[in-house]
Amino acid sequence: MTITNPFGTRVQPKPVQQPSPMPHDRYTPFVPVDLPDRTWPTKKITKAPRWLSTDLRDGNQALIDPMTPSRKKKMFDLLVGMGYKEIEVGFPSASQTDFDFVRSLIVGDHIPDDVTISVLTQAREDLIDRTAQSLVGAKRATIHLYNATAELFRRVVFGIDEAQCIAMATRGTELVMKYAEQNLGDVEFGYQYSPEIFTQTPTDFAIEVCNAVMDRWQPSEGREIILNLPATVERSTPNTYADQIEYFGRHVRNRPYVAISLHPHNDRGTAVAATELALMGGADRVEGCLFGHGERTGNVCLVTLGMNLFSQGVDPQIDFSDIDEIRRTVEYCTNLPVHPRHPYAGDLVYTAFSGSHQDAIKKGLEALEKQAHAAGKGIHEIPWEAPYLPIDPHDVGRSYEAVIRVNSQSGKGGMAYLMKTEHHLDLPRRLQIDFSRVVQRHTDTAGGEVTPEQLWEIFHAEYLGEQAPLELVSVPDIHSNGGYRVTAKVKVDGVEKELVGEGNGALDAFADALSLEGYHVRVLDYTSHALASGSDAGAVAYVECELGEGEDAHIVWGVGTHESIATAAQKAIICALNRDARADD
C-alpha cells in the first residue's frame, strides 16, 4: 500500500500488530464540543489558581480505613501550614464523625481567620439543615451543593428529566440560603454549586442548570458564586475538558461574579494535563488532593500541579519546600504510601541510575557551580539549568547526594560524582573508567543498587586495601641535586628491603628503585589533590602506570593517600603493582 502525504510518498509497511480479542466495540468515543474558534491553545498559565484541598472529604471517603479525628486534624494542620486557604473539611450531613470533626475545628478555634472551610451536601432539606448547623460559629465557610446532571445518572440513578433536575438544583439553592440565614448570620458565607458529572452532561444543559441556580443566588459584587465543574469520571482527552470550560465561560451568565472551579479525577491518567489545559480555558479555581488521593484513580494531584507551576517560574502560592515532611504526613494520615516515581515527591524522582544520565547531571552540576562561583553567589541563588533535573532538588528539601545512585546500568560519571561529593575523591577520567569496570563486576555478581557506602567499600578494597606483595614501610628519603635520588624501605612478599633509585623526578626515581626487584614501571599520568579538612590523610594521588615491557606492557591505575603528596604518589605506584599482581592470581 502506498501513502501520499505532505512529506512525500512512502510505502505503508505490513502491520505487525494484530487485532486484540478485547471487546472494544462495546465502547463509544466521547463527543467533542463544537468550538472551532477555541483560544485556550494560545494561552499561558501565568499565576496560580485558587486552590481547594478536598483531602479531608473526597480523599478521606476513598480510603480503605478513613482517617481518625486525630489524623484528620494532623492533615488539616498540614494543609494550613502549606498555605491552603480553602479546605473542604467533610460531609457533615452524611456521618456523625464528619459533623463532630467540623464542630471540633470551629469550637476549638483551630481555623485561622484567613482560611475558609467548605462542607458538602446533597440537595435534600434535612441534609442542608444539618450542614448549616455544623458551621455555626465559623468565621468563614462555604456550603457546597451538588446534584447529578448527566443524562445517564438522571435516567438510571434518579429517574428524573431535565426539568426535574433543574428544579432539584434551584430548590437546593433556596434551602441553602434559608438555613444559612437562620444559622449563619455571623459567618462570612459563600455558596458553591456543582453540576455533578459535568463532563458527561451536554454543556448547554449544564449552563442552563447553573444559570437557574444563579437566578436564585443572585451573584453580584461581593456576592460570588463558585460553579464547580467536575470531571467526576475522566472520559476524554484533556483538550476536551479545556473546550468545555472555555465554552462554559463564554456562555454562562454573570461571569464577573462567577469563580469557575475544576474538580478533575484521574480515570484516564491525565487529570493534571486536563486541569492545566482547563486553566488555559479560563478556569479560576482547582479542587484536588495531595498526591492524588480520592475515589478510584484519585483526584488531580495538587502537589504535581503546584510544582509544575513552580518549575515554570510561577509561584504556586503553596509551600512545598519540605516535600518529604509533606509526604510523610500524608502517608501517616492516609495509611497509603506515595509511589517512588510520583512526580516531585517520590524517592526516585531526582535519581539517575543510567550512566549517560549520571554523566550529564554531573557535568551540569559542575557547570552550575562554576557559574555561581563566577557570579559570587551560591548555586541555589542562580537560575536553574541542569540535564534531567527539571527543578533543583534543594528547593524541595532534597540533597544532591541522592540524585545519583549506582546499579548495573550506571556509568563512570555517576560513580565519579558520588566519589567526589560523598568521599572527596576527584577521580581522573581514565581512572573513572577503570573504577566503573570494578563496580560493574560487583553489580553483575551481586545485583541491586550500590549505595555510596558500598561504593566506598569497593573502592577501598580495590585501591587502598590489602598491601601485598608490596608494602611501603616508611616515608622514602628523597634528595634533589640536579636529579632525584630516592631511598625507600619496601616489603616484598613480607621481606623488608631497602631500595635506591634515581631519575628526573621523585616518581621516576622511585620507579627506578622498584626496578631492582624486577618491576618495570613507567608513569604515564599523575594527579593529586588535598583531601577534605579533618581527614586523617592529607592528600590523595592518582597514578596511571605502564607495567611490563614490550608486548607484555599494560596499563594499571593506582591510588595512594598520605599526609605528604609525594608519599601518596609513591603509594599509588605500589597500589598499581599490587593490583596487577592480584589480577595475575
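The values are calculated or read from the model by the stated rules, or taken from the named source; none is laboratory data. Since this is a predicted model, take the numbers as computed values, not measurements. All Cβ positions, even for glycine, are placed from backbone atoms using ideal geometry, and neighbour counts span all protein chains on display.
Worth a mention:
- Close pairs (6 angstrom Cβ cut-off, 6 or more residues apart or separate chains): outside the structural domain of F320 (by TED's automatic domain parsing) in segment 63-89, outside any strand (DSSP E or B) and modelled with pLDDT of 95 or more anywhere: none
- Each residue in segment 437-470 was checked for being free of Cβ contacts under 8 Å to residues at least 40 places away in the same chain and either acidic (D, E) or assigned to a helix (DSSP H, G or I) (or both), and 17 pass.
- The residues of segment 32-51 that are surrounded by 12 or more Cβ atoms within 10 Å (Cβ to Cβ), among the charged types (D, E, K, R) and within 17 Å of V314 (Cβ to Cβ), listed by number, are K43, R50.
- Within segment 356-378, being in contact (Cβ under 8 Å) with a residue 12 or more places away in the chain, farther than 30 Å from G269 by Cα and in contact with a helix residue (DSSP H, G or I) (Cβ under 7 Å, 6 or more places away or on another chain) holds for D359, K362, L365, L368.
- Selection status of L348, among the aliphatic types (A, V, I, L, M) and out of contact with any helix residue (DSSP H, G or I) (no Cβ under 6 Å at 6 or more places or on another chain): yes
- Condition check for A532: at pLDDT 90 or above and not in a strand (DSSP E or B): no
- Condition met for G137 (in contact with a Lys or Arg (Cβ under 6 Å, 6 or more places away or on another chain) and either within 29 Å of A212 (Cα to Cα) or not hydroxyl-bearing (S, T, Y) (or both)): no
- Taken together, E502, E517 contain a single residue that is over 47 Å from the mean Cα position of the chain (by Cα) and either assigned by TED's automatic domain parsing to the domain that holds V438 or in a strand (DSSP E or B) (or both), which is E502.
- Among residues of segment 545-569 being within 11 Å of V523 (Cα to Cα) and touching a Gly at 6+ places or on another chain (Cβ under 8 Å), the one that is surrounded by the most Cβ atoms within 10 Å (Cβ to Cβ) is C545.
- Those helices (runs of 4 or more DSSP H) of segment 237-322 in which 3 or more residues are over 25 Å from V209 (Cβ atoms) and within 21 Å of the chain's Cα centre (by Cα) occupy 271-280, 302-311.
- Segment 343-358: number of residues that are in contact with a Ser or Thr (Cβ under 8 Å, 6 or more places away or on another chain) and part of a loop (DSSP other than H, G, I, E, B): 4
- Any hit, segment 414-423, residues being at pLDDT below 80 and touching a His at 6+ places or on another chain (Cβ under 9 Å): yes
- Which listed residue is within 44 Å of the chain's Cα centre (by Cα) and of a type in the set (K, R), from R522, R579: R579
- Filter result for the condition that a residue is at pLDDT below 95, over 20 Å from V272 (Cα atoms) and among the polar types (S, T, N, Q), over T68, T28: T28
- Residue count, segment 359-381 (criterion: surrounded by 14 or more Cβ atoms within 10 Å (Cβ to Cβ) and either acidic (D, E) or not in a helix (DSSP H, G or I) (or both)): 1
- Residues of segment 463-484 satisfying the condition of being touching a Gly at 6+ places or on another chain (Cβ under 6 Å) and closer than 11 Å to I574 by Cβ: none
- Selection count where residues are touching a residue at least 60 places away in the same chain (Cβ under 8 Å) and either in a strand (DSSP E or B) or not polar (S, T, N, Q) (or both), scope segment 323-338: 8
- Against the criterion of being within 21 Å of I478 (Cβ to Cβ) and assigned to a strand (DSSP E or B), E546 does not qualify.
- Index of the failed condition, D34 passing every other in (1) of a type in the set (D, E); (2) without any contact (Cβ under 8 Å) to a residue 40 or more places away in the chain; (3) in contact with a strand residue (DSSP E or B) (Cβ under 9 Å, 6 or more places away or on another chain): (3)
- Verdict on W40 being of a type in the set (F, W, Y) and farther than 27 Å from Y146 by Cα: yes
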